[in-house]
1. What distance in nm separates the simple spin-label points at Ser191 and Asp47, each placed 7 Å from Cα in the Cβ direction?
2. To two decimal places, what compactness ratio does the range 100-217 give when its Cα radius of gyration is scaled by 2.2 N^0.38 Å?
3. As an exercise, use a Förster radius of 35 Å and the Cβ-Cβ distance of Tyr205 and Ile90 to find the FRET efficiency, rounded to the nearest 0.05.
4. Taking the simple approach of a point 7 Å from Cα along Cα-to-Cβ for both Thr134 and Ile30, what is their distance in nm?
5. Given a 1.4 Å probe and every protein chain left where it sits, what share in percent of the accessible area of the chain is carbon and sulfur?
6. Do the sum for the chain: with -39,500 (n - 2.57) for every DSSP H run of n ≥ 4, divided by all residues, what is the mean residue ellipticity at 222 nm, to the nearest 500 deg cm²/dmol?
7. Just checking my list (i) 17.9, 60; (ii) 20.0, 72; (iii) 16.5, 48 against Rg and Dmax of the Cα atoms in Å computed from this structure; which label fits?
8. Once label points are set 7 Å from the Cα along Cα→Cβ at both Leu149 and Val71, what is their separation, rounded to one decimal in nm?
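The values are calculated or read from the model by the stated rules, or taken from the named source; none is laboratory data. Since this is a predicted model, take the numbers as computed values, not measurements. Cβ placement follows ideal geometry from the backbone for every residue including glycine, while neighbour counts extend to all protein chains displayed. Ligands, DNA and RNA are excluded from the accessible area calculation, which covers all protein heavy atoms including side chains. Shrake-Rupley method; radii C 1.70, N 1.55, O 1.52, S 1.80 Å.
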Amino acid sequence: MSSIKKELHLIFIVLIPLIYLGIIYNSLPISVPLHWNMEGEIDKVGDKSTLVYMSLAPLVIYLIFTIIPKVDPKNRLMSMGKKYEKLKNILTAFVSLMIVFVLYQVKNPTIANPKLIVMALGIMYAILGNYLKTIKANYFIGIRTPWTLEDEMVWKGTHILGGKLWFAGGIVIVLSSWLISHEYLLHFFLSITFIISLIPIIYSYILFNNLKKDREL
């Protein structure tokens, strides 16, 4: 019972998009905007029932973070304690907030501003970067390459570097959302995402091989 009480705030956060959608659903037309380009123009429409599935995204995130510690064979995630719970809270709340924002734009399509989405993602990158170095080796979350999963020192070193890169990349994305024009912002965002994702993978391979050579000496 006590564990359920601890989750009540998260359950409420998960339900916020569904509650908001329930409030506005009858006032929405049958076809609603589902996507905007970087100029804020609607480039995809669909049946409003699609919004119900979209609003379930926070629930999916919540369930994933609730289930995976229970099936983690090494029980590493549970050993993270409060840090894992904070990460679960942050990601669930972020996805819930993003869905509410999208629903608000569906309700008010004339005020759509994709730059706000990019800025929010930049903030999330920075937060994730701050948490990456605290994630212990596991099979479910983090920078999971053949080399990080093989060697705990490689995991730790890769996540320290990855954390710094994701934090810095997030800050750069936030700043760029205000400084770069709409037409280049998406390409810039994807480029930064690619770079901060690729470098830790390459680094894990290099670090693994360097450690292997040192141990063979």
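1. 4.1
2. Compared with the compact-globule rule of thumb, the range 100-217 sits at 1.31.
3. Between Tyr205 and Ile90 the formula returns 0.75.
4. In this crude label model, Thr134 to Ile30 measures out at 5.0 nm.
5. The C+S portion of the solvent-accessible surface of the chain is 69 percent.
6. After summing the helix terms and dividing by residue count, I get -24500 deg cm²/dmol.
7. (ii)
8. 1.4
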